[in-house]
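Coordinate-derived values only; no laboratory data. Only a predicted model underlies this, so the values are computations on that prediction, with no experimental measurement involved.
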Ligand code: SF4
C-alpha cells in the first residue's frame, strides 16, 4: 500500500527554494541557520535524530534525485567514508572552515572591505555581485556570502556522493548528522548512567529494608 504523504515529505522544496533564493539575494543565506539550529536543538532537547529521519529537506532531495530520477549509481559508499576517523575528521575540518568564515565576518565588522564572492569547495571563489545588499551592514552581508558558500559546498558534495554511491551517501559523513549523532549518544550515555545510579540506590534501599 502506498504511504500517505505528510507535509514534512515536501520539505525538499524548501531546500531547493533556499538555493534559488540565494541566487536572487544572498541575504536569504541567513535562512540556512534554521538548517543548523533545528537539528541541534532536536538532538539536545529531544535526544533523537527526528530531524534527519523526517524533516531534513536535503536528505529528502538527495533521496528523490537518486531514487526517483535514477541519478544515482546506487552502490554502497566506500568503507572509509563510514569510519569514525573520517567522519569526525571531516566534521573538524568543516568546523575549522566555519570558524574561518566567522573570522572573515569579524574582519569586515572591524573595517575590512566586503568580499562579494561565494567560495565553493573551499577553493573556488565565485563572483556573486548581482544581488542587492546595500540595505544592510557589510558584516551582515559578509556572513551571508560565507554561509551560502558553506551550504553550496555541502550541497555539491552531497550531489557528487549521491551520483557515485547510494542516494543518501552524504548522510554518512554529513557534519550535522555526525554532530547530532554525537549529542544523542552523549545524552543516552548520561541517561544510562543516571538509571544505573537510581537502580543501585533502589537495590540498596530494598536490601536495607530486608525486602
Ligand atoms: S545527515 Fe545531514 S543531510 Fe542527512 S538527513 Fe541528517 S542533516 Fe540531513
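Some points to look at:
- For the Cα trace of region 18-61, dividing Rg by the Kirkwood Rh returns an Rg/Rh value of 1.07.
- Normalised by the number of residues in the chain, the average gap of Cα pairs under 8 Å and 6 or more apart makes the relative contact order 31 percent.
- Tilt relative to the chain, helix 57-67 - C-alpha long axis, 0 to 90 degrees, to 10: 80
- Degrees, to the nearest 10: 138-164 long Cα axis against longest axis of the chain: 70
- Cα centroid of region 76-107 to Cα centroid of region 125-191, whole Å: 10
- Rounded, prolate or oblate (a/c below 1.5 giving rounded, otherwise prolate when a/b exceeds b/c) for region 144-193 by Cα gyration tensor: oblate
- Between 0 and 90 degrees, the angle of helix 84-109 with respect to the longest Cα principal axis of the chain falls at about 50 degrees.
- Compactness relative to 2.2 N^0.38 Å, alpha carbon Rg of region 7-186: 1.06
- Calculated [θ] (222 nm, deg cm²/dmol) that DSSP helices of n ≥ 4 give over the chain, each run adding -39,500 (n - 2.57): -20500 deg cm²/dmol
- Three-way shape label, region 95-138, alpha-carbon gyration tensor, a/c 1.5: oblate
- Cα Rg over Rh - region 117-161, Kirkwood: 1.04
- Separation of region 2-18 from region 58-75 is 14 Å, based on Cα centroids.
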